[in-house]
Amino acid sequence: MASPTPSPHFDHVRYWVFDLDNTLYSADLGLFDLIDVKMGRYISELLGVDAGDARIIQKRYFRDHGTTLAGLMHHHGIDPHDFLEFVHDIDMAALDPRPDLARQIADLPGEKYIFTNADATYAAKVLERLGLSALFSGIHDIHATRYQPKPEDHAYDSLIETLDIDPRQSLFFEDMARNLLPAKKRGMATVWIDNGSELGDHGHDPEHIDLHIKDLSQALATITASLNQDKRASEPQNKRTAIL
């Protein structure tokens, strides 16, 4: 179980960037397991191998290239649109609206964005199922990164440039620890949602994680408490300034 790291200050944050899968919902729901099955089937049919060999190839590509898609494009030149449409055609019945989470995200001051290795069409469906669609100003997806997924440097540079955000005023929530290092290098605050995602602790380094916590709702509660504390701490000084 994750032990929350000492809470840093978050009053500088104006851009709140969220990963999608296994971050906005719990990995325990098994939604990504359904995608996992579809990826294995795709590889099996593409390469003419059995399910066991397909899984070995899939996991090797995921580990070595950041996503299975990136590995398939690199080694086999597949069409990413066909792959994404196939693997994201899944039953989303496990996802229910999360009004409490919606309120927590809405309370954050500033703009909110999705940064995902999936595509925007799938991301929009997930957000709709969770009741979070209206909260986000944009989705930076795998097409926008030119199929260079997190943790590739280009993915983060394209996020910053396309959405015109200041990384020094940004915070990134992510369930994959390895995806936080490039964000931290660019000046972002980082939160690791350590909720049991596959290879979630791969590349973990406390030096590039500002807040290590078990789930997103808990993280948002910690951040909101920190923001409120900072606001209260500044009030007496503001009042004195006004009097002077």
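Between helix 31-47 and the chain there is an angle of about 30 degrees, using the helix long axis and the longest principal axis of the Cα atoms.
Relative to the Cα centre, the charge distribution of the chain, modelled as +1 at Lys and Arg Cβ and -1 at Asp and Glu Cβ, gives a dipole magnitude of about 860 debye. Using a simple spin-label model with pseudo-atoms 7 Å out from Cα toward Cβ, residue 33 and residue 153 lie 3.9 nm apart.
Shape class for the stretch 32-80: rounded, because the ratio a/c of the largest to smallest gyration tensor axis (alpha-carbon atoms, square roots of eigenvalues) is under 1.5. Projecting the Cα atoms of 9, 131, 233 onto the charge dipole of the chain, computed from C-beta unit charges around the Cα centre, puts 233 farthest toward the positive end.
From its DSSP helices (H runs of at least four residues, each -39,500 (n - 2.57)), the chain gives a residue-normalised ellipticity at 222 nm of -14500 deg cm²/dmol. In terms of its alpha-carbon gyration tensor, the stretch 79-171 comes out oblate; a/c meets the 1.5 threshold, while b/c is at least as large as a/b.
Residues whose amide H lies under 5 Å from that of residue 18, counting only those 5 or more places away or on a different chain, are 113, 114, 115, 173; hydrogens are built 1.01 Å from N in the peptide plane. With all protein chains kept in place, the per residue accessible area of the chain amounts to 49 square angstrom at a probe of 1.4 angstrom.
Projecting the Cα atoms of 162, 84, 218 onto the dipole axis of the chain, where Lys and Arg carry +1 and Asp and Glu carry -1 at the beta carbon, places 218 farthest toward the positive end. Distance between the modelled labels on residue 103 and residue 51, one decimal in nanometres: 4.3 nm (7 Å Cα→Cβ projection). The angle between the Cα long axis of helix 153-163 and the longest principal axis of the Cα atoms of the chain comes to about 60 degrees, rounded to the nearest 10. With all protein chains in place and a 1.4 Å probe, the accessible surface of the stretch 1-154 carries 49 percent carbon and sulfur. Taking the chain as the region of interest, the number of lysine pairs whose Cα atoms are within less than 24 Å, with members eight or more places apart or on different chains, is 17. Using only alpha carbons, the stretch 100-244 has a radius of gyration to Kirkwood radius ratio (Rg to Rh) of 1.01. Computed about its Cα centre, the charge dipole of the stretch 104-190 is approximately 220 debye, with only Lys, Arg, Asp and Glu carrying charge at their Cβ. Shape class for the chain: prolate, because the ratio a/c of the largest to smallest gyration tensor axis (alpha-carbon atoms, square roots of eigenvalues) is 1.5 or more and a/b beats b/c.
Seen against the Cα atoms of the chain and their longest principal axis, helix 120-130 is set at about 60 degrees.
The values are calculated or read from the model by the stated rules, or taken from the named source; none is laboratory data. Owing to the predicted nature of the structure, the values given are computational and were not obtained by experimental measurement. We place every Cβ from the backbone using ideal geometry, glycine too, and count neighbours over all the protein chains shown. Ligands, DNA and RNA are stripped out before the accessible areas are found, and what is left, the full protein with its side chains, is counted by its heavy atoms. Shrake-Rupley method; radii C 1.70, N 1.55, O 1.52, S 1.80 Å.
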